[in-house]
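The values are calculated or read from the model by the stated rules, or taken from the named source; none is laboratory data. In this text the structure is predicted, and so the values were computed from the model without any measurement. In this analysis, Cβ positions are derived from the backbone assuming ideal geometry, glycine residues included, and neighbour counts consider all displayed protein chains. Quick note on the areas: whole protein, heavy atoms, side chains included, nothing else; ligands and nucleic acids left out. Shrake-Rupley method; radii C 1.70, N 1.55, O 1.52, S 1.80 Å.
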Amino acid sequence: MASPVPIKVIDGILAGLLGNILMHYSIGVNDMTILDLRHIPVILVAFYGGFLPTIISAAIIIAGRFFIDVNFSSYVALFMMLAIAIGSGVIVQFLKAGPWKRWTVLLIYSQMIFSAALYIVVDNYSEVLDFALFHVLSTLIGGYLTLYFVDYIRNTSERYYRYKENAQRDALTGLYNVRSFDSHYNRMIQEAIEENEACAICLIDVDHFKQINDTYGHTAGDEVLKQLAELLSRLTRAGDILSRNGGEEFSLLLPCCTVHQAKEIAGRVREAVYEYGFLLPDQNRLQLSVSVGVSAFIPGTEEKESLFQEADEALYKAKQSGRNIVCTSWECSYR
């Protein structure tokens, strides 16, 4: 997945700063020529980010080189960095190969440009051949180690966030689980208090779900829950939090929402579920209904602990009143 433009800009700036740091740990070939690994950060951001961060990093490194000294070598370095940046961007964009092969091509290409620049700025290339060979060796070793550690850190970070996300999600439906619900619930209440805004909750329970498992099997029941989760997700507003609290019970947290607005949303959920034909594994269609309990929290008028309890009591009332119905603490309706 491509990184956002601001991230690419930041990556380019950081790579440019790193390139300038590397220039200060350089090998002095003569009075105006230095050898270093400033090209490694440039090809690294090209490898992961494409043209934009590559050009930014090269521009910063070029500016840093002129800050060190303005001479023939610095002008050669200007064209060298531009050639490395543009060429690296082209290689990454058009070379279809595995990551390590592409990285090898980037290392070889950048080193060839660097070596050509060295050849231009020194009078007798044979006198600096030892430096040039050491620079090639440093580029290859440093380059491969850099990619290895960066790739290791990226993979470790991705696994961490993936495990963290999985711990917050219900394995069957992909919705937030009950642990995540508790966290989002407390945050919603706190934000409602701070912003002096009402918020609401809908508890949604599938009617007669045990009969589905008993009649069609647990595989069919699981498929129904997955389709229901997808349907409910399409019915939520931006910013709403949908969770599976366990079994056939779902919850919908509604920030910045009055009880009347919540009843409207709950009514649309009830109607949409009742009109939807759930497809079973045997390709038969099944009609379901849900009961919904609704409660709203208004800062300053009630205790925050009562919101969930009132919604749960309203859900029980909906079950007792015939199911396929929306209830609050004081009334029930089919809308």
Relative contact order (percent, whole number), the chain, Cα cutoff 8 Å, 6+ residue spacing: 12 percent
Assigned charges on the beta-carbon of Lys, Arg, Asp, Glu; the chain dipole about Cα centre (debye): 820 debye
Cα centroid of the range 5-76 to Cα centroid of the range 170-229, whole Å: 52 Å
Alpha carbon convex hull of the range 232-335, projected area averaged over orientations, nm²: 7.2 nm²
Lysine pairs within the chain, Cα separation less than 29 Å, 8 or more sequence positions apart or different chains: 17
Largest-first principal axis extents, alpha carbons of the range 116-197, Å: 76, 34, 14
Carbon + sulfur, % of accessible area of the chain - ligands and nucleic acids excluded, 1.4 Å: 59 percent
Cα Rg, Dmax (largest Cα-Cα span) when computed across the range 229-286, Å: 13.0, 42
Normalised convex hull volume, the range 60-127, alpha-carbon set, Å³ per residue: 97 Å³
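Please give the net charge around residue 225, taking every other residue with its beta carbon less than 11 angstrom from that of residue 225, where Lys and Arg add +1 and Asp and Glu add -1.
-4
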Rg and Dmax [Cα atoms of the range 82-158; Å; Rg one decimal, Dmax integer]: 14.8, 49
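Can you give the convex hull volume of the alpha carbon atoms of the range 8-78 per residue, in Å³? The partial results should precede the final answer.
Numbers: hull volume 4.8 nm³, N = 71.
Per residue, the Cα convex hull of the range 8-78 comes to 68 Å³.
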Rg [Å, one decimal], Dmax [Å, integer] - the range 175-231, C-alpha atoms: 16.1, 49
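Report the net charge of residues surrounding residue 60, where surrounding means a beta-carbon distance below 12 angstrom and charges are Lys +1, Arg +1, Asp -1, Glu -1. Before the final figure, lay out each step's value.
Working: positive: 38, 65; negative: 11.
Net charge around residue 60: +1.
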Partnerless cysteines, meaning none of the other Cys C-beta atoms lie under 4.7 Å away, in the chain: 199, 202, 256, 257
log₁₀ of I(q)/I(0) at q = 0.09, 0.13 Å⁻¹ - the chain, Debye sum with one point per alpha carbon: -0.67, -0.88
